[in-house]
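First comes the structure, then the notes that go with it.
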Amino acid sequence: MVAVMDDEFKKVDGAGKEDFPARGGKNQLEENLTRERGVFQLEWEKEREAAALKLKEVRAESETEAERLVTASAISRNKVAGKFYQLRYTKAEIMAFSEGNYGEMEIMDEEEVEEREDGLNVA
């Protein structure tokens, strides 16, 4: 009976040994896991590089947009300053004309303009 049991164990053990390598075995399983881990790591690095590239593009677009806005703001500010200067000059012309100083037109600062306006409103 012991001999019969030994034969049965050998059959089962032999079947298992033959079957286990056919299914890949422990070494094959480790190789597959290592290969899959490598593939996963490569894909992860590619996605990371793509995300970094996209971030650079977004930052470049943001910087470009910020520069455009700063430029537009400076242009607008210069236009407003020009209009303000033009308005002050026109106001100076009106004041000079109203006072009879046709030949002398000078640019006045705001205080002078206000003083003259006050003088015109009183008169």
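What follows draws every value from the coordinates through simple rules; no lab data is involved. Small disclaimer: the values here were computed from a predicted structure and weren't measured. Here the Cβ is made from the backbone with ideal geometry for all residues, glycine too, and neighbour counts use every protein chain on show.
Starting from the 7 Å offset along Cα-to-Cβ, what nm value, one decimal, do you get for the label separation of residue 83 and residue 115?
If labels sit at residue 83 and residue 115, their model points lie 2.9 nm apart.
Quick one: 3J(HN,Hα) in Hz for region 41-49, Karplus 6.51/-1.76/1.60 with θ = phi - 60°, rounded, Gly and Pro as x.
3J(HN,Hα) across region 41-49, in whole Hz: 5, 4, 5, 5, 5, 5, 5, 5, 5.
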